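The values are calculated or read from the model by the stated rules, or taken from the named source; none is laboratory data. From a predicted model like this one, the values you see are computed outputs, not experimental measurements. Here the Cβ is made from the backbone with ideal geometry for all residues, glycine too, and neighbour counts use every protein chain on show.
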Amino acid sequence: MKMERVNLGRKGSFEIKKGALHRELGIPLGEPIPDETLKAAERSKDPLLRRRAFAAEGFRRMRNVG
């Protein structure tokens, strides 16, 4: 799995594993994750899956702003 560093400027930076959420949800990498599936992942009992889903939601919002 490829690690990628996300730099948020003064807010800091962190690393993500590209495609990990797609693999966990069983969605091919080229396809977008449906909103219903992402919301269900945010309510998951698995804390890692929840974190990845919330991060994906944040990245989706960052992309749509600009």
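Across the range 1-31, what is the number of residues that are within 11 Å of A56 (Cα to Cα) and either touching a Phe, Trp or Tyr at 6+ places or on another chain (Cβ under 6 Å) or part of a loop (DSSP other than H, G, I, E, B) (or both)?
We begin by selecting, within the range 1-31, every residue within 11 Å of A56 (Cα to Cα); these are 16, 18-22.
From the residues that got through so far, the ones that are either touching a Phe, Trp or Tyr at 6+ places or on another chain (Cβ under 6 Å) or part of a loop (DSSP other than H, G, I, E, B) (or both) too are 18-19.
Of the residues in the range 1-31, 2 are within 11 Å of A56 (Cα to Cα) and either touching a Phe, Trp or Tyr at 6+ places or on another chain (Cβ under 6 Å) or part of a loop (DSSP other than H, G, I, E, B) (or both).
Scan the range 32-42 residue by residue and report those that are part of a helix (DSSP H, G or I) and not small (G, A, S). Please lay out each step first, then the result.
Let us first name the residues in the range 32-42 that are part of a helix (DSSP H, G or I), namely 35-42.
If the condition is that a residue be part of a helix (DSSP H, G or I) and not small (G, A, S), then D35, E36, T37, L38, K39, E42 are the ones that fit.
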**Prompt:** Among E57, E42, which is within 11 Å of the chain's Cα centre (by Cα), within 18 Å of E4 (Cβ to Cβ), surrounded by 12 or more Cβ atoms within 10 Å (Cβ to Cβ) and of a type in the set (D, E, K, R)?
**Reply:** E57
**Complete:** By residue number, the members of the range 4-45 that are at pLDDT 90 or above and hydrophobic (A, V, I, L, M, F, W, C) are A20, L21, L25, I27, L29, I33, L38, A40, A41
**Item:** Members of the range 19-35 found to be free of Cβ contacts under 8 Å to residues at least 24 places away in the same chain and surrounded by 12 or more Cβ atoms within 10 Å (Cβ to Cβ), listed by number
**Value:** G19, H22, R23, L25, I27, I33
